[in-house]
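What follows is a single structure, written as structure tokens, with notes after it.
The values are calculated or read from the model by the stated rules, or taken from the named source; none is laboratory data. Owing to the predicted nature of the structure, the values given are computational and were not obtained by experimental measurement. As a convention, Cβ positions derive from the backbone with ideal geometry for all residues, glycine included, and neighbour counts pool all protein chains shown.
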Amino acid sequence: MWSNPYLRLYYLLFGLYLFAYEITIPYIPLYFKSIFQLNEFEIGSIFTLISFIVIPSYLLGGLLSDRMGSAKAMVLVLTINALITPLLPFMNKFLFILLLAISNFIFSSHEVPETSFVVKVTTPEIRATATATTSLIQSIMTSPGTLIGGLIWTSLSPKANFWITSLIALASILTFGLSLLKLTGLEGYRKELKPT
């Protein structure tokens, strides 16, 4: 799998990107509680509402993937999400919740292009192993994120989590994401791409 350049860049892109968000996502309920003084029921209600809002995003991901190709769709939604993240600490309570819902909607739309991409760049004989390797690499790379997020929260500020997350996420896109786009463009990456 690692010899496949498409998979290699994909693994690195998502590993680093998801590591970045592990710095922030686990602390969002705490942010609601400590910054906005929301109680547990209110926090649970917000996340329930966001879960429902996110549902149509999978269709959006499929439409984007079919229209522009899975690699471009992935990089597009990851970039938009990473650009939204640093704005969150500047928002009041209502705008924070609204922007968080939009961010989750956009981010969740990456899942269908991601699946489509793996299917395109693998053969049936290794597809399941490639998918399992994705989970393995992402789990390894994201593991330190929560600990680092706690250190940032306590040593800098809760707002710094969002900014550092965004910087790392954008770095993953500028390195591995753009490299993936360049590779797929050079290889004539379209529906007719032959797996390697």
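Observations, loosely collected:
- When the range 1-35 is filtered for residues that are surrounded by fewer than 16 Cβ atoms within 10 Å (Cβ to Cβ), touching a residue at least 12 places away in the same chain (Cβ under 8 Å) and polar (S, T, N, Q), only SER34 remains.
- None of LEU59, LEU98 is exposed (fewer than 15 other Cβ atoms within 10 Å of the Cβ), modelled with pLDDT under 95 and of a type outside the set (S, T, N, Q) except LEU59.
- Applying the criterion of at least 1 residues that are of a type in the set (Val, Ile, Thr), over 17 Å from TYR10 (Cα atoms) and without any contact (Cβ under 8 Å) to a residue 24 or more places away in the chain to the helices (runs of 4 or more DSSP H) found wholly in the range 39-139 leaves 40-54, 70-84, 93-108.
- Note on the range 119-140: residues that are surrounded by 13 or more Cβ atoms within 10 Å (Cβ to Cβ) and either charged (D, E, K, R) or in contact with a Gly (Cβ under 7 Å, 6 or more places away or on another chain) (or both) amount to 4.
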